[in-house]
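Report on the following structure.
Just so it is clear, none of the values below were taken in a lab; they were calculated from the coordinates. Keep in mind the model is a prediction, meaning the values are calculated, not measured. Methodologically, a virtual Cβ is constructed for each residue, glycine included, from the backbone with ideal geometry; neighbour enumeration extends over all protein chains shown.
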Amino acid sequence: MHCKVRSKATKTKSQAPPTRWAREHPPASGVKLAMGLGAALALRLTAGPAPASTNCASSAIVIYSVSVDGHPRQTPAQTRLPSAAATEPASSENAETSRLRLSATAQRVEFRFGPNPLSSNPPVRLRYQLEGFDKQWREAGGEMRLNVRFLDAAGNTVSAQDFLVKGESVGWAGSVARSRFDRRSEQVKVPERAVRMQMELFSGGSEQTVGVMAIDDLRVSMASAKNGEPEVLLFSSRLAEGQDLDQPLVVPRGWMRDGSKPSAAVLLRADEDKPLHVLAVVDTDPNTWGAWRTNPESSVAVHPGDTLILRWKEMYCIGWGGAGEADYSYLPPGQYQFRIQSVTETGEKTGEILSLPMTVSPPFRQTTWFQGSLLVLLVGALVAAVRYETWRKMQMQLELLHQQRAVELERSRIARDIHDDLGANLTQIALLSELAQTDLTQPAQARSHLEQIFTTAGALARQLDEIVWAITPSNDTVEQFASYVSKFAQDYLRVAGIRCRLEVPESLPRYPMSSAQRHDLFLAAKEALHNVVKHARADEVWLRLKIDRDALALEIEDNGKGLAERADAGLRGHGLANMQNRLGHVGGTFERHSRPSLGTLVRLALPLKR
């Protein structure tokens with residue numbers, strides 16, 4: 001965001017001072033007044049009729065136009081406010097309806113303002129401020145200058161250089177007598193063909209400049225002098241001339257008045273108690289200008305190539321007395337008051353202030369309801385996040401409890417297997433060993449006992465291998481299960497004299513299987529193979545392993561005598577109920593299809609998770 005000021009001037013000045021012809025023939029002030037009056041009347045015709053409550057002729061300040069992004073906006077009814085109430089924003093219903101409103105997409109607002117052409121008492125000088133954005137009053141324009149001109153032998157201007165000032169000097173306190181001078185030093189180089197130098201203090205340039213500028217102790221030093229004069233004092237308030245400098249037409253030695261209004265060049269007291277006077281230009285008319293200029297007799301002789309050092313003290317308070325412009329870009333949303341203030345040439349308030357209230361609407365994302373909705377959404381999201389985090393922690397705790405429960409169940413299962421299978425077999429081996437030891441005198445019976453011990457020990461070794469395989473974590477995959485159950489089926493059926501045909505894929509996906517799943521599925525398959533060996537009277541068995549739709553299917557089919565479809569009593573007789581219970585424990589299903597003399601098909605299915 002930024003603010004830019006453009007001042008409307010009827011005459012502008014380049015770096016070189018005005019020519020003598022231009023000074024002797026200034027523009028007619030009546031033409032300027034007619035132009036200003038025409039512009040104001042044209043604006044009022046564009047904006048429509050003014051409200052009856054507005055007395056345009058009584059107000060010395062008017063806002064000519066307001067444009068937003070280059071498009072003119074109708075100016076609301078203006079009200080002249082006293083200085084005492086200028087700091088308070090308008091709160092009445094009428095002020096609220098006359099408020100200028102800008103949308104959130106507005107990028108630039110421009111104000112054109114100035115003296116009221118219909119007023120009989122136009123302001124001398126104008127300042128403006130956008131309350132709520134500007135911290136201080138701004139000058140609408142204006143500048144004064146100390147000019148250095150180099151002349152050739154014929155008196156023609158070779159070149160010129162301006163030292164501009166604008167606004168107020170640091171030590172300005174309302175008048176020359178109460179203010180403090182600032183010291184200033186500048187260097188200039190003498191151009192070719194220059195033989196003389198003139199100095200000029202003037203309010204020219206933009207003729208609508210008004211204000212005060214005063215200088216003292218103006219000195220010119222020659223850095224490489226060839227005329228034997230190292231320093232020239234052009235003016236000082238301490239010069240004793242024996243003249244009454246309080247007279248309005250007194251001219252100090254070596255100086256002359258100039259301009260369209262020479263009386264603007266005056267001598268002012270620098271001290272209320274001492275007779276010290278300084279050169280000053282007091283410009284109160286925006287349509288004229290005045291100047292102090294060194295006369296030809298006091299011109300400083302110079303040589304081309306010399307470097308001159310200029311030193312002086314200055315104070316100033318400068319502003320603008322004509323029509324001006326102020327524009328602001330990218331204003332933040334909020335309430336503002338664009339105010340124009342009338343002041344004297346020295347910056348003192350006159351009490352005339354014109355105020356235009358203005359509102360910049362916030363963008364959609366900054367509206368109250370949007371921020372409220374966003375706050376509600378954020379609070380809802382926060383509550384949902386807290387609830388989700390609480391649920392996740394509870395799930396983790398439940399999972400941990402499930403894991404602990406699974407470990408406890410696995411321990412119980414291992415203990416049960418050791419007690420039921422290993423314990424029984426070890427007890428049987430111990431009894432057979434005692435019987436063999438008792439029957440040592442009977443070799444045949446002792447040999448029978450030793451063979452039973454050998455058979456029981458082999459079964460015990462297989463059971464122990466099954467337990468170790470079931471609790472080993474590295475075997476918790478479908479591939480390891482398929483390998484183990486295939487090897488077991490081949491070894492078990494080979495001993496029984498039954499041919500075993502395997503139909504297992506060469507490569508299996510790496511589905512995980514828990515220890516409980518592997519153990520129960522293996523025991524169910526073992527039970528089915530045991531039934532084939534014990535009851536089916538088959539000479540060939542097919543073991544098929546398939547994975548379809550995230551499910552493991554293990555089929556055991558024989559070519560034995562088959563079984564009749566009987567009720568639950570028959571199932572219990574062949575351990576089929578036990579197989580069904582084991583599959584149900586791990587979430588699987590058990591199916592049996594059998595017909596007499598056509599063999600039996602047992603299908604064990606178990607869902608898998610990646």
Show me, for the stretch 168-181, the HN-Hα J-couplings you get by feeding each phi into the Karplus relation (A = 6.51, B = -1.76, C = 1.60, θ = phi - 60°), rounded to Hz, glycine and proline as x.
10, 6, 4, x, 6, 10, x, 7, 5, 5, 9, 9, 10, 6
May I ask you to derive the relative contact order of the stretch 332-480, considering only C-alpha pairs under 8 Å and at least 6 residues apart, and to give it as an integer percent?
13
Size of charge dipole - the stretch 130-271 - debye, nearest 20, with Cβ of Lys, Arg +1 and Asp, Glu -1, no other charges
220
Difference of contour (0.36 nm per residue) and Cα-Cα distance, Trp369 to Asp273
27.9 nm
Sequence order, the stretch 469-486: Karplus ³J(HN,Hα) from phi using 6.51 cos²θ - 1.76 cosθ + 1.60, θ = phi - 60°, Hz rounded, Gly and Pro as x, gives 5, 5, 9, 7, x, 5, 9, 7, 9, 5, 4, 5, 5, 4, 5, 6, 5, 5
Would you mind calculating the relative contact order of the stretch 480-610 from Cα pairs under 8 angstrom and at least 6 residues apart, reporting the percent as a whole number?
27
Add +1 for every Lys or Arg and -1 for every Asp or Glu among the other residues with Cβ under 12 Å from the Cβ of Pro333, and state the total.
+2
With r defined as the distance between the Cβ atoms of Arg311 and Ala177 and R0 fixed at 25 Å, what FRET efficiency is calculated, to the nearest 0.05?
0.65
Excluding Ser298 itself, what net charge comes from residues whose Cβ is under 11 Å from its Cβ, given Lys and Arg +1 and Asp and Glu -1?
+2
Evaluate the relative contact order of the stretch 227-362 (contact order divided by residue number), counting alpha-carbon pairs under 8 angstrom at least 6 apart; express in whole percent.
17
Tell me the net charge near Lys166. Cut-off is 10 Å between Cβ atoms, Lys166 excluded, with +1 for each Lys or Arg and -1 for each Asp or Glu.
-2
How high is the FRET efficiency from Arg405 to Arg510, r the C-beta distance, R0 35 Å, rounded to 0.05?
0.85
How large is ³J(HN,Hα), in whole Hz, for each residue of the stretch 211-223 in order, when computed from phi with the Karplus curve 6.51 cos²θ - 1.76 cosθ + 1.60 and θ = phi - 60°, using x for Gly and Pro?
x, 10, 9, 10, 10, 8, 6, 7, 10, 10, 10, 9, 5
What is the packing order of peptides 352-359, 172-179, taking the mean over residues of other C-beta atoms within 10 Å and listing the highest first?
352-359, 172-179
Full-extension gain between Lys609 and Leu378, please, as 0.36 nm times their residue separation minus the C-alpha to C-alpha distance.
79.5 nm
Once amide hydrogens are built 1.01 Å from N within the peptide plane, the residues lying 5 or more places from Ser159 or on another chain with amide H under 5 Å from its amide H are Phe150
Mind checking the full-extension length gain between Ser412 and Lys487? Use 0.36 nm per residue of separation minus the Cα-Cα distance, one decimal, nm.
24.3 nm
Amide H neighbours of Glu207 under 5 Å, at least 5 residues apart or on other chains, H built in the peptide plane: list them.
Thr10, Lys11
In µm²/s, what is D for the stretch 297-411 at 20 °C and 1.002 mPa s, where D = kT/(6 pi eta Rh) by Stokes-Einstein and Rh is the Kirkwood radius from Cα pairs?
89
With the crude spin-label approximation of a point 7 Å out along Cα→Cβ, what separation in nm comes out for Ser67 versus Arg499?
10.5
Fraction in percent of alpha-carbon pairs per bin - 5 Å, the stretch 497-542
5, 17, 18, 22, 19, 12, 7, 0
